[in-house]
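The values are calculated or read from the model by the stated rules, or taken from the named source; none is laboratory data. If you're wondering where the values come from, they're calculated on a predicted model, not measured in any experiment. Cβ: placed from backbone, ideal geometry, glycine included. Neighbour counts: every protein chain shown.
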Amino acid sequence: MMSKRWPLASIFLILTNLLAFAMAQFSCFNNGNYTNNSTYKSNLDTLLSSLSTNVDYNGFYNASMGKNLDTVYASVLCRGDIQLPACRSCIQDATAGIVRSCPNYKQAVQFNEFCTLRYSNESMFGIVDTRIGWYLWNTQNASSPGQFMADVRTLVDNLRDQAAKGGSLRKVAAGNRSTVDFQTVFSLVQCTPDLSSEDCGRCLIGAIADIPRYCNNKKGCRALKPSCILRYEDTTFYNETRLQELKALATPPPQPPTSASLPPGPLSAPPGKKDNNKTRTTIIIVVSIGVCLIVAVFAGILLIMRTKKKPKEILESGIDLAESLQYDFCEIKSATDDFSDDNKLGQGGFGAVYKGKLSNGQEIAVKRLSKDSGQGDVEFKNEVLLVAKLQHRNLVRFLGFSIEGKERLLVYEFVKNTSLDKFLFDPIKRTELDWERRYKIIGGIARGLLYLHEESRLKIIHRDLKASNILLDGEMNPKIADFGLARLCVADETQGNTNRIVGTYGYMSPEYAMHGQFSIKSDVFSFGVLILEIVTGQKNNSFRNGETIEDLLSAAWKYWHRGTFEDMIDPVLKASLGSLRDILRCIHIGLLCVQDNSADRPTMASVVLMLSSFTISLPVPLEPTFFTNSRVSKNALFHVYDSREFGSTTSSSQNKSLHSTESKNVMSITEFYPR
């Protein structure tokens, strides 16, 4: 039999297609499904087919189609250095791929080599999406990895600032930097141009912060997020000429000289008209100044009126903006079987939580605010106006709300594995939390807090972070819940004060408990307490050592100071001898987070970096201040609220709220890791 000889062009085409397949990553979000004969499906097909033809040389296009619940939103972003024909070809491939990969899903994103495509049944334009990230890295380690990674960080930080300052058409930057062993590192970063400069910077900060976790010491790495991308390599990979061409197109042409800038000559004003010109100029200047003063006065009045707007007005205006999130009360009542006790998941300080099931089969958790709660209005305003704008994989997902007379309902995703405390402090269930899972929970909580403090459009202080407010999904991924006590800060605000001390005893920072001062460092303190609870498997106010019961922070410092920290580790974890270094580092970080002086505590950005990189030296912690039962009266000082849960005690597995399929690397050069 004669052997068949493949033409060189055919071999190249096959390899190109294999590489494109290897680089294509997709994520399907569990936010409802559509049927093949539905209006949503028709709108989706029409919208997807229009993307490649409508994108222009800037490589970005977004659009929506449909009305009400059948509305589809879609956007595409091509890598900033590719030509328009290649961009459109990539979009066509991504369109076909996303339909195959995520059939009947109402939300999905596809990452191809040169473009990103995503669609949703919720508006996403101008909103940072950090729910999912794919990290791909070169399998080869860099020589002199410490210096190489330091140069990578310097380069990508500089490019991040450049990209964030881009205009509304393009937010992309590329460049290179010389590094050790006569090497050069190249990088390109890019955001969707509909983001603000601040949001673009936050998205890229999140991508950069995860590099040590997934790509440490690697010669190359790619971070793929729906709202931004980042890549660095030790060889050039982007088209510098194309980037320069697009930069030139974006630069406005020089303006022709005005008459005032022309030299004296034939074009100068006649001598007889000079005085008239001076008079006209004076009048124009005086009138302009007067108009500016009037505008400034009116702007000041409007600003004062806006600042003094009553909470009720803010609530009503926010609800008007969130009409698309409002559920019919009867629908929720039916979903929970009229709020039956059989569906009751828990009782909190502001109401009960019920499990429900919508007519489309989606499981939900419904918080029914107490009608006689003095703080009900405040809680409702907080959770609707704040949580509706938050999107992160480590935050419980807010679905909507309902109002009927005095009834006020908050609807969330249902998380089947209940809350962290139900596992951590249960003598049987705690055995399911090995160190790998506990470490993943610590890291997930840290990234969720980092999003709240720095990466979200709003700066939010949770103020009630505790084990019962950390929910666990079917894969034991943590989700921060219950934003009823959360506070919104303006961008440059560092702390706030309150006369109403609310929260949970044992997790409160000293400055908040004693003086009502709260800041992002208050959340850091609570996170430090959580770390120590996760490592020890014991509650913060009842650490048991033989027959002795003492305060967890006091015990942690005592064991740390004596060098006998192994005695405080949960016995369940002691079998994992190889994890002792990681456990010790987490205890160290926990003690840094519970420092007495808030200025001595790290930020969550630093904490995430500490958890992901073992090459960073940690400062020595100081002895923290303790608030034990013997020193203060808990009932006199604190107003304590019970835990409010959105979980279930059932042991059945959860449907993944995020479906990510990992593509195999047929070229054996890059490894994939979805985050």
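Side notes on the structure shown:
Let's see how each residue does on (1) outside the structural domain of Arg601 (by TED's automatic domain parsing); (2) more than 24 Å from the chain's Cα centre (by Cα); (3) of a type in the set (Val, Ile, Thr); (4) modelled with pLDDT under 90:
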residue: Arg463; (1), (2), (3), (4): no, no, no, yes
residue: Thr494; (1), (2), (3), (4): no, no, yes, yes
residue: Asn497; (1), (2), (3), (4): no, yes, no, yes
residue: Gly506; (1), (2), (3), (4): no, yes, no, yes
residue: Phe518; (1), (2), (3), (4): no, no, no, yes
residue: Gly528; (1), (2), (3), (4): no, no, no, no
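- Number of the exception - Ala209 against (1) over 22 Å from Glu113 (Cα atoms); (2) free of Cβ contacts under 8 Å to residues at least 12 places away in the same chain: (2)
- In region 420-439 there is at least one residue that is assigned to a helix (DSSP H, G or I), out of contact with any strand residue (DSSP E or B) (no Cβ under 8 Å at 6 or more places or on another chain) and under 24 Å from Phe29 (Cβ atoms).
- Within region 390-419, being part of a loop (DSSP other than H, G, I, E, B) and more than 18 Å from Ser324 (Cβ to Cβ) holds for Arg393, Asn394, Val396, Gly405, Lys406, Phe414, Lys416, Asn417, Thr418.
- Only residues that are out of contact with any Lys or Arg (no Cβ under 7 Å at 6 or more places or on another chain) and either part of a loop (DSSP other than H, G, I, E, B) or among the hydroxyl-bearing types (Ser, Thr, Tyr) (or both) were counted across region 85-115, and they come to 9.
- All of (1) among the polar types (S, T, N, Q); (2) at pLDDT below 65; (3) under 17 Å from Glu413 (Cβ atoms) hold for Asn360 with one exception: (2).
- Screening region 135-220 for helices (runs of 4 or more DSSP H) wholly inside it with 1 or more residues that are touching a Gly at 6+ places or on another chain (Cβ under 6 Å) returns the ranges 145-164.
- Phe339 being aromatic (Phe, Trp, Tyr), buried (at least 16 other Cβ atoms within 10 Å of the Cβ), modelled with pLDDT under 90 and not assigned by TED's automatic domain parsing to the domain that holds Ser123: no
- Residue tally, condition touching a strand residue (DSSP E or B) at 6+ places or on another chain (Cβ under 6 Å) and part of a loop (DSSP other than H, G, I, E, B), over region 326-357: 4
- Close pairs (6 angstrom Cβ cut-off, 6 or more residues apart or separate chains): among the polar types (S, T, N, Q) in region 558-585, modelled with pLDDT of 85 or more anywhere: Ser576/Trp435; Ser579/Trp435
- Residue satisfying all of: in region 39-79; assigned to a loop (DSSP other than H, G, I, E, B) and hydroxyl-bearing (Ser, Thr, Tyr); surrounded by the most Cβ atoms within 10 Å (Cβ to Cβ) among these: Thr71
- Filtered residues of region 559-610 (kept if over 23 Å from Met508 (Cβ atoms) and not in a helix (DSSP H, G or I)): Gly563, Thr564, Ile569, Asp570, Lys574, Ala575, Ser576
- Extreme residue, surrounded by the fewest Cβ atoms within 10 Å (Cβ to Cβ), among residues of region 137-176 that are under 25 Å from Gly59 (Cβ atoms) and among the basic types (Lys, Arg): Lys165
- Here Arg437 fulfils each of the conditions (1) surrounded by 19 or more Cβ atoms within 10 Å (Cβ to Cβ); (2) in the same structural domain as Val608 (by TED's automatic domain parsing) apart from (1).
- Region 531-549: number of residues that are more than 19 Å from Lys574 (Cα to Cα) and at pLDDT 80 or above: 2
A quick yes/no check of all residues on (1) within 14 Å of Glu533 (Cα to Cα); (2) of a type in the set (Phe, Trp, Tyr); (3) in the same structural domain as Thr130 (by TED's automatic domain parsing):
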{"site": "Tyr451", "(1), (2), (3)": "no, yes, no"}
{"site": "Glu455", "(1), (2), (3)": "no, no, no"}
{"site": "Leu458", "(1), (2), (3)": "no, no, no"}
{"site": "Ile470", "(1), (2), (3)": "yes, no, no"}
{"site": "Gly484", "(1), (2), (3)": "no, no, no"}
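- Check on Arg131, of a type in the set (Lys, Arg) and modelled with pLDDT under 90: yes
Here is a yes/no grid of residues against (1) at pLDDT 75 or above; (2) among the acidic types (Asp, Glu):
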residue: Asp582; (1), (2): yes, yes
residue: Ser598; (1), (2): yes, no
residue: Val608; (1), (2): yes, no
residue: Pro624; (1), (2): yes, no
residue: Arg631; (1), (2): no, no
residue: Phe646; (1), (2): no, no
residue: Asn655; (1), (2): no, no
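- Among the criteria (1) modelled with pLDDT under 90; (2) more than 18 Å from Leu195 (Cβ to Cβ), the one Ser123 does not fulfil is (2).
- Checking each residue in region 414-431 for being surrounded by fewer than 22 Cβ atoms within 10 Å (Cβ to Cβ) and in contact (Cβ under 8 Å) with a residue 12 or more places away in the chain picks out Lys416, Thr418, Asp421, Lys422, Phe425, Arg430, Thr431.
- Inter-residue pairs, beta-carbon under 6 Å, first farther than 17 Å from Asn58 by Cβ and in region 72-99, second assigned to a helix (DSSP H, G or I), 6+ apart: Val72/Asn43; Val72/Leu44; Val72/Leu47; Gln92/Ser52; Thr95/Leu48
- Residues that are surrounded by fewer than 24 Cβ atoms within 10 Å (Cβ to Cβ) and hydroxyl-bearing (Ser, Thr, Tyr) within region 219-245 comprise Thr235, Thr236, Tyr238, Thr241, listed in sequence order.
Results for (1) within 22 Å of Thr615 (Cα to Cα); (2) in contact with a helix residue (DSSP H, G or I) (Cβ under 7 Å, 6 or more places away or on another chain); (3) modelled with pLDDT under 95, shown as yes or no for each residue.
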residue: Ser197; (1), (2), (3): no, yes, yes
residue: Ile205; (1), (2), (3): yes, yes, yes
residue: Ile208; (1), (2), (3): yes, yes, yes
residue: Ile211; (1), (2), (3): yes, no, yes
residue: Asn216; (1), (2), (3): yes, yes, yes
residue: Tyr232; (1), (2), (3): yes, yes, no
residue: Tyr238; (1), (2), (3): no, no, yes
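- Once region 70-96 is narrowed to residues that are among the small types (Gly, Ala, Ser) and over 26 Å from the mean Cα position of the chain (by Cα), the residue that is nearest to Tyr238 (Cα to Cα) is Ala86.
- Note on region 55-74: residues that are closer than 20 Å to Glu113 by Cα and modelled with pLDDT of 90 or more amount to 6.
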